[in-house]
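See below for the structure under consideration.
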Amino acid sequence: MTQIPTADLGGGVTMPMVGFGTWQLGGRRAYEAVRYALEVGYRHLDTATMYRNEHEVGQALRDSGLDRGEVFVTTKLQPGNAGRARATLAESLRALGTSYVDLWLIHWPPRRQASVPLWREFLAVRDEGQCRSVGVSNYGIAQIDELIAATGQHPAVNQIPWSPSRYDRAVLAAHADRGIAVEGYSPLKGTPLRNPVLAEIAARHQVTPAQVVLRWHLEHGITVIPKSAHPDRIKSNFDLFTFSLTPEEVTRLDHL
């Protein structure tokens with residue numbers, strides 16, 4: 001079994017740094033993709049209330065034969081449900097068929113505000129045991145600082161769009177200074193996979209440009225959640241542990 005690197009979220013919670021994203025996957029397609037991802041070796045599944053596929057994700061996990069504790073499950077609260085956060089999580093748990101999730105995220109800032117009352121509710125639900133860790137998605141540093149200032153507790157994770165074309169050393173440093181793990185979504189979207197630098201590095205390691213991009217995330221300590229419904233790509237996107245990038249290669253990718 002491949003040893004997947006993990007990010008420490010505090011409180012004894014660790015998050016596998018390669019996850020399987022399920023955005024835009026629905027019905028049988030979602031179920032089959034998640035089943036295959038678990039078969040390949042993924043142990044981190046990312047879903048959300050708004051994805052409308054929590055039932056399929058949960059069913060695939062149950063049918064995989066894996067123990068619940070072997071798989072890290074993330075779901076997210078859409079801002080429109082901020083006034084009924086607890087009820088929404090209860091619905092998510094029923095759909096997933098589990099008594100807890102490993103990570104619960106505020107999907108994006110409600111009405112573009114940090115929403116301290118909602119963050120307090122997330123912290124309370126975490127302390128009650130319905131989620132092991134809590135965080136945010138699509139938040140800016142100023143909004144995160146507002147949450148920290150009001151409660152003294154930082155989000156364990158900020159899930160944001162990330163790729164070489166979005167690389168910003170200051171953003172990573174700001175999260176690291178606050179003890180927040182960065183989780184990157186849409187790692188391949190917006191990345192010019194035919195870029196000659198990517199092609200050169202991929203050829204050197206005998207891998208695909210997409211694998212180079214995903215490995216680049218790991219070299220920076222960023223959790224990455226690629227998604228696909230195609231078995232060959234699902235497998236390829238997980239096959240990141242037979243090679244590594246040199247510091248010089250990472251720097252070149254930083255400047256794409």
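Values computed for the structure shown
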{"item": "Unit charges on C-beta of K, R, D, E only; dipole of the stretch 1-107, Debye", "result": "360 debye"}
{"item": "Distance between modelled label sites at Glu128 and Ala90, nm, 7 Å Cα→Cβ extension", "result": "0.8 nm"}
{"item": "For the stretch 58-185: accessible area per residue (Å², 1.4 Å)", "result": "42 Å²"}
{"item": "Protein accessible area in the stretch 133-210, 1.4 Å probe - carbon and sulfur %", "result": "54 percent"}
{"item": "Distant-in-sequence amide H partners of Ala181 (H built 1.01 Å from N, under 5 Å)", "result": "Val157, Asn158"}
{"item": "Dipole magnitude (debye, nearest 20) for the chain, charges at Cβ of Lys, Arg, Asp, Glu", "result": "660 debye"}
{"item": "Inverse of mean 1/r across different Cα pairs in the stretch 75-209, Kirkwood, Å", "result": "16.4 Å"}
{"item": "Reciprocal of mean inverse Cα separation for the stretch 44-85 (Kirkwood radius, Å)", "result": "11.3 Å"}
{"item": "Using distinct alpha-carbon pairs, which all enter the 1/r mean, Kirkwood radius of the stretch 175-256 in Å", "result": "13.2 Å"}
{"item": "Positive-pole candidate from Met15, Ile4, Thr208, dipole of the chain, charges at beta carbon", "result": "Thr208"}
{"item": "Tail beyond 30 Å, pair distance distribution of the chain (Cα, percent)", "result": "25 percent"}
{"item": "Ranked order, Lys235, Lys76, Lys189 - accessible area, probe 1.4 Å, largest first", "result": "Lys189, Lys235, Lys76"}
{"item": "Cβ-defined net charge surrounding Lys227, 11 Å radius [Lys, Arg +1; Asp, Glu -1]", "result": "+1"}
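The values are calculated or read from the model by the stated rules, or taken from the named source; none is laboratory data. Owing to the predicted nature of the structure, the values given are computational and were not obtained by experimental measurement. With ideal geometry, Cβ positions are generated from the backbone for all residues, glycine too; neighbour counts draw on all protein chains shown. Each accessible area value is taken on the protein alone, full model and side chains, heavy atoms only, with ligands, DNA and RNA left out. Shrake-Rupley method; radii C 1.70, N 1.55, O 1.52, S 1.80 Å.
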